[in-house]
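Enquirer: Sending over a structure as structure tokens; questions will come in a sec.
The values are calculated or read from the model by the stated rules, or taken from the named source; none is laboratory data. Being a predicted model, the structure only gives us computed values, none of them experimental. Using ideal geometry, Cβ is built from the backbone for each residue, glycine included, and neighbour counts are taken over all protein chains shown. For accessibility, only protein heavy atoms count, side chains too; no ligands or nucleic acids. Shrake-Rupley method; radii C 1.70, N 1.55, O 1.52, S 1.80 Å.
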Amino acid sequence: MGVLNVTPDSFSDGGLHLDPSAALDRARVMVAEGAAVIDVGGESTRPGAEPVGVDEERSRVVPVVEALVDEFGDTVRVSVDTRNASVAAAAVAAGASLINDVSATLWAVAAELGVGWVAMHGCTDPRTMQLAPSYDDVVGEVCAFLTDRAAQAVAAGVPEVWIDPGIGFSKTITHNLDLLAHLDVLVATGHQVLVGTSRKSTLGALLAAADGATAPVRIDDRLEASLATAVWAFDQGVHMVRVHDVAPTVQAARVVKGCRRQLSPTPLRWALPTGMTTFCGGPLPLNVA
Ligand code: HH2
């Protein structure tokens, strides 16, 4: 899932794609790099962010969703990253087929519109969510919250339900790392699992701590850390990662997939044809000896 924020203030790509034509250009790049889903967001939910009016959010998101659907048709999925029902509904009317709901409250909207729904944990009020996050058992509590919301969504008739632990939302660094360490617990619920760590501050803090530095590593210096967590997530069985850097993540995912195939009951023996340039993507270019 490639991140496409059409906001002036998102923590990483804020201000870069406010113009719909710039957003479309960025989406073209991410699709060419292998993104299966483009996640369009019109409101930053970074810690401390002020809410955006619903009309403003809708006016940022809808033209971009329309442009993406015009450009890619059914070949690429468009999701809308929102916590507002009317923005979700407008984006679906424009062609989005997945509601990436950071508030985990919009399952009835998804049910009524017959589209997929992501329940993300932890986005209460971005202005206050990081003031004093506290859990007795962060993995158990987040898992219970998400399975409860997912059950309500299934009961309401949502055709496709995803759960997401909400890395960076109402959580300390330790909470985030605990959740990443136990992604397999979410996978074991049987729901499809999405996770977003890309460029997030936990990674910056972790890298800085390892170097004995006090200031977090800069946002544009977190690619390798983002990739490490994406690979970690895939290895734990997560089904989708939400990222800014699509090309390196897709390559890393392909290698994980190649390794995983060797765990099948009859490990594959690879014979690479002369001139072969890709593997694990598109038609299978391998001979099984
Ligand atoms: N993280 C962000 C936004 N939406 N959705 C899901 N499902 N999971 C996430 O982890 C997640 C999300 C925050 O990242 P970003 O959109 O890059 O920043 P901002 O909120 O500043 O726009």
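Enquirer: Taking only protein heavy atoms and a 1.4 Å probe, what accessible area per residue, in Å², does segment 1-150 have with all protein chains in place?
Expert: On a per-residue basis, segment 1-150 sits at 39 Å².
Enquirer: Please sort 17-28, 60-71 by packing, taking for each peptide the average over its residues of neighbouring beta carbons within 10 angstrom, highest first.
Expert: In decreasing order of mean packing, 17-28, 60-71 become 60-71, 17-28.
Enquirer: Something else about it: Any idea how far the Cα center of segment 123-168 sits from the one of segment 244-265, in Å?
Expert: Centre-to-centre (Cα) distance: 27 Å.
Enquirer: Does anything in segment 224-258 have its amide N under 13 Å from the 7 Å Cα→Cβ label point of Ala32, and if so which residues?
Expert: Taking a point 7 Å out along Cα→Cβ of Ala32, the residues of segment 224-258 whose backbone N falls under 13 Å are 247.
Enquirer: Under a 5 Å amide H to amide H cut-off, with H placed in plane at 1.01 Å, what residues pair with Asn100 once short-range neighbours are removed?
Expert: It is Val80, Asp81, Thr82, Val118, by chain and number.
Enquirer: Report the residues of segment 52-69 in range of a label on Leu18: point 7 Å along Cα→C-beta, backbone N strictly under 13 Å from it.
Expert: What the label zone holds, given the 13 Å backbone N cut-off, is 60.
Enquirer: Using the Karplus curve 6.51 cos²θ - 1.76 cosθ + 1.60 with θ = phi - 60°, work out ³J(HN,Hα) for each residue of segment 131-148 in order, rounded to whole Hz, and write x for Gly and Pro.
Expert: So the Karplus estimates, Gly and Pro as x, are 5, 7, x, 8, 9, 7, 8, 4, 5, x, 5, 5, 5, 5, 4, 5, 5, 5 Hz.
Enquirer: How much net charge surrounds Leu24 when only other residues with a Cβ under 11 Å from its Cβ are counted (Lys, Arg +1; Asp, Glu -1)?
Expert: Result for the local shell: -3.
Enquirer: Could you check the simple spin-label distance between Ala213 and Asp25, using points 7 Å along Cα→Cβ, in nm with one decimal?
Expert: Spacing of the two 7 Å Cα→Cβ label points: 3.0 nm.
Enquirer: Pop out the carbon and sulfur fraction of the accessible area of segment 2-264 as a percent, whole number, probe 1.4 Å. Don't skip to the answer; put the middle values down first.
Expert: Details: 6070 of 11050 Å².
It is 55 percent, rounded to a whole number.
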